[in-house]
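Values quoted throughout were computed directly from the atomic coordinates according to the rules given, and no laboratory measurement underlies them. None of the values given here were measured: they were computed from a predicted structure. Glycine also receives a Cβ, built like all others from the backbone with ideal geometry; neighbour counts cover every protein chain displayed.
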Amino acid sequence: MKTETVAAIDDRRRRSPTAATERAVELLRKGEVVALPTETVYGLAADALNPIAVAKIFEAKERPRFDPLIVHLPDKQWLGRVANVDNRSRAQIERLIAQFWPGPLTLVFDRQAIIPEIVIAGLDTVAVRMSSHPVFAEIISAFGKPIAAPSANRFGRISPTTAQHVFDELGGRIPLIIDAGPTAHGIESTIIALRDNRIDILRRGPITAEQLADFGKINFVSSPQRVSAPGQLPMHYAPKTPLRLITNIESFRPKQGKRVGLLAWKPRARKGDLQAARAVTDWRSLKFVAVRELSEKQDLLEAAANLFRCLRELDELSLDLILAERVPAQGVGAAILDRLERASHDSDIRDTRG
Ligand code: TXA
Ligand code: MG
């Protein structure tokens, strides 16, 4: 299959839908899959109410059928049609939605019968969100129905934050990628479920625990007995290269002849201190064959936006090991750490890559 990439002209002043929107909607109506930008990561979209279209998502991603998909809504009115909102938590849900929708917050509800089994992998619940990306919003509103969309990567791999990443993952398997440049948040949406006014965080993301604490008592569902979100599987979001999370890189000594790359958080040196900056750069280049900075400004939001791109770049260098510096665990830093912990699958520096 030939994969076409169409740039979305981001001119929101135009009333008529752009060519990219028309093309995407045409394919969605035909029951095809299309890769679309969202504010978090690129998604692989299909008509959520068409089980055959949704099956094509699983096929293209090689995603196991037990892994349910997030349903994206065209507007808030759709919520009651796809989900059964519990009366006891209705007020809390309305406050959360008023605050965070459209945006990177996914909520898990009891499902309505309109949602095909394949979307929810046979669960009684459905995960729902509303994307704030202008291109996604235009496409879904022209389409007029809910869209099922997981991240547009092959199963178990790093989520794509650019159209090129999507092409690298799924080129030849899907007909269309809509390109709207790099995504803003760079990590997947926060997923929560509400239980008796308690907020269970199933997956950390751009909406932080600190932000959610205003809306209920927070409970982290870290390693559940039964995995309800494979984003919770210990090994997920994995680069091919072994990755190790480290607090203090100064004490790290690479084994002889091993090619080690650094995913750096700590600054090279204080601003303006050129000499110190050079010293650190020299010292680093002695140990590491490649260094990627998450955020030169030490900004966690920027670090999140750069995370998957940096990981992909390091993963392409045939390294023996990627060393990732711990970021602070506050705010979106906790979501970054969570991704890095799941990405780390280094026992020792291996000679062969599996
Ligand atoms: O930001 C995002 O959420 C992106 C963009 C494209 O919207 N989507 C995304 O989808 O990350 P995906 O499929 O890669 O991750 C969705 C996660 C999976 O771990 C899945 O198991 C979980 O959501 N999930 C889906 N339905 C669920 C449900 N009913 N209960 C619990 N977890 C659910
Ligand atoms: Mg995913």
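Our note on the geometry: Cα centres of the stretch 155-177 and the stretch 33-68, 12 Å apart. Annotation: amide H-H contacts under 5 Å for Val71 (H modelled 1.01 Å from N, sequence separation of 5 or more, or interchain): Ala127, Val128, Arg129. Reported value for the stretch 72-123: 86 Å³ per residue, from the convex hull of its C-alpha atoms.
How much FRET efficiency would the formula 1/(1 + (r/R0)^6) give for Arg81 and Glu296, where r is the Cβ-Cβ distance and R0 is 45 Å, rounded to 0.05? Spell out each step's value before the answer.
Details: r = 46 Å, r/R0 = 1.02.
After rounding, the FRET efficiency stands at 0.45.
Fraction of C-alpha pairs exceeding 19 angstrom in the stretch 92-233: 57 percent, rounded to a whole number.
Could you tally the net charge around Asp86, taking each other residue with its Cβ under 15 Å from the Cβ of Asp86, Lys/Arg +1 and Asp/Glu -1?
Numbers: positive: Arg88, Arg90, Arg95, Arg111, Arg195, Arg198; negative: Glu94, Asp110, Asp124, Asp196, Asp200.
Result for the local shell: +1.
What residue among Leu202, Leu69, Leu123 shows peak mean-square fluctuation when the chain is described by a Gaussian network model with Cα springs under 10 Å? Checking each option, the largest mean-square fluctuation is seen for Leu123.
Which number do you get for Rg(Cα) / (2.2 N^0.38 Å) in the stretch 116-187? Walk me through the numbers before you get to the answer.
Numbers: Rg = 13.5 Å, N = 72, 2.2 N^0.38 = 11.2 Å.
Scaled against compact globular proteins, the figure is 1.21.
With each label modelled as a point 7 angstrom along the Cα→C-beta vector, the Ala276-Thr3 pair spans 4.4 nm.
DSSP bridge analysis restricted to the chain gives an antiparallel fraction near 40%, rounded to the nearest 5. Listed by chain and number, the aspartates and glutamates placed with their C-alpha closer than 17 angstrom to that of Lys217 are Glu94, Asp196, Asp200; residues fewer than eight positions away on the same chain are left out.
Show log10 I(q)/I(0) for the chain at q = 0.08, 0.11, 0.13 Å⁻¹, two decimals, from a solvent-free Debye sum over equal Cα scatterers. So the normalised log intensities are -0.40, -0.75, -1.02. Across the stretch 46-61, computed HN-Hα scalar couplings (Karplus, 6.51 cos²θ - 1.76 cosθ + 1.60, θ = phi - 60°) run 8, 4, 5, 9, 10, x, 6, 4, 5, 4, 5, 5, 4, 5, 5, 8 Hz from first to last residue, x flagging Gly and Pro. Here is the list for the stretch 39-95: chymotrypsin sites (Phe, Trp or Tyr not before Pro) lying in DSSP coil, each with at most 12 other C-beta atoms within 10 angstrom of its C-beta, are Phe66.
Within the same chain, lysines fewer than 8 places from Lys287 are excluded, and of the rest, those with a Cα less than 25 Å from its Cα are Lys240, Lys255, Lys258, Lys266, Lys271, Lys297. The H on the amide N of Thr5, modeled in the peptide plane, is under 5 Å from the matching H of Ile177, each at least 5 residues off or on a different chain. With a Förster radius of 30 Å applied to the beta-carbon distance between Arg253 and Phe220, the computed FRET efficiency rounds to 0.30.
When +1 charges are put on Lys and Arg Cβ atoms and -1 charges on Asp and Glu Cβ atoms, the dipole computed for the chain relative to its Cα centre reaches about 360 debye.
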